[in-house]
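As structure tokens, the structure follows; a few thoughts come after it.
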Amino acid sequence: MKKRGLKMRLQRVLCSAAKFRDVFDFGKRDVAHWFPGHMAKGLKQMRASLKKVDCIIEIHDARIPLSGRNPLFQESLHIRPHLLVLNKMDLADLSNKQRILGQLEKKEVRHVVFTDCLLQRGEQVKKVVPLVTELIENSPRFHRAEDMDYCVMVIGVPNVGKSSLINAIRRIHLKKGKASRVGGEPGITRAVLTKIQVCERPAVYLLDTPGVLPPRIENIETGMKLALCGTILDHLVGEDIIADYLLYTLNRMEKFGYVEKYGLEEPCDDIQHVLKQIAVKLGKTQRVKAITGVGNITITMPNYSAAAYHFLRAFRKGDLGRVMLD
């Protein structure tokens, strides 16, 4: 343990002399194509279902509690009681949790719960139904006043754990298994589903919804944070670009866990060098043909794409340390 601590201190000393990028060059990237067509359909269905809803649970990634919250949801949030669930808290650096809560309160978001992405173990998820019940009972229910059951719509950008939350609440209150499909990539839920019961006393039903991104992302860095957290399909942005932004972010935050994990000598700001080291460490190679003056030959090269894929997955699993991107 002492040896590892000494190694980390040495890395920080080396980094103090190293020159890392002050800004990330995003180039002239067009983020318009990051909004798939099925999302517009999903948003239309969600708006049509609002009249049946007593409360809205908005789920977002705790690593980006401010970035990427869909402004199209805001018009809906103001007409129904609203609970913000910041999921994947086990991957987030919450040392400045009060600052985040203060910034959310300025945006009139006062009811916030942090949950663990391993929801079956998360004690925090047990708070969701009591909070929702309290919010509904303290708010007018308009034309639903005669209904004894509570209907709650679960919304959020893709791949933040909406279906996982629904399944976890069912396990806690009904002792039942999965009712919604869960996947590691955005886009698993494509349509608003029928009511899913998650509690008997009181009778609470949740509506799972497709993840919906803003049709126009406010700036390229917000889009890159969303991509880094896996809320946008990697191929729409480019795994190499996301991996480079990840390296830039880790260095800026002085999160140098990647150095030891992949056997680098010191922190590095060159993504090609880092990916080459990852490929060598993991044995990720590919055979390619090269044209020479004496004919074609086959050579073995590091598989940079496979290395970028592994680098991103390691970050998203928390293997490179907890972060707060906002």
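For this structure, a couple of remarks:
- Extension gain (nm, one decimal) between Gln103 and Leu236, 0.36 nm per residue minus Cα-Cα: 44.8 nm
- Per residue accessible area of segment 196-263, 1.4 Å probe, in Å²: 34 Å²
- At R0 = 30 Å, FRET efficiency that the Cβ-Cβ distance of Asp149 and Asp90 yields, to 0.05: 0.40
- Overall form of segment 220-289 per C-alpha gyration tensor (a/c, 1.5; a/b vs b/c): oblate
- Modelled spin-label separation between Gln124 and Gln286, with each label point placed 7 Å from Cα along the Cα-to-Cβ direction: 3.8 nm.
- Peptides 94-107, 260-273, 235-248 ordered by average Cβ neighbours within 10 Å, highest first: 235-248, 260-273, 94-107
- Inter-probe distance in nm under a simple model that places probes 7 Å from Cα toward Cβ, at Glu260 and Arg21: 2.6 nm
The values are calculated or read from the model by the stated rules, or taken from the named source; none is laboratory data. In this text, all values refer to a predicted model and were calculated from it rather than measured experimentally. Cβ coordinates were reconstructed from backbone atoms using ideal geometry, including for glycine residues, and neighbour counts include every protein chain displayed. Only protein heavy atoms, including side chains, enter the accessible area calculation; ligands, DNA and RNA are left aside. Shrake-Rupley method; radii C 1.70, N 1.55, O 1.52, S 1.80 Å.
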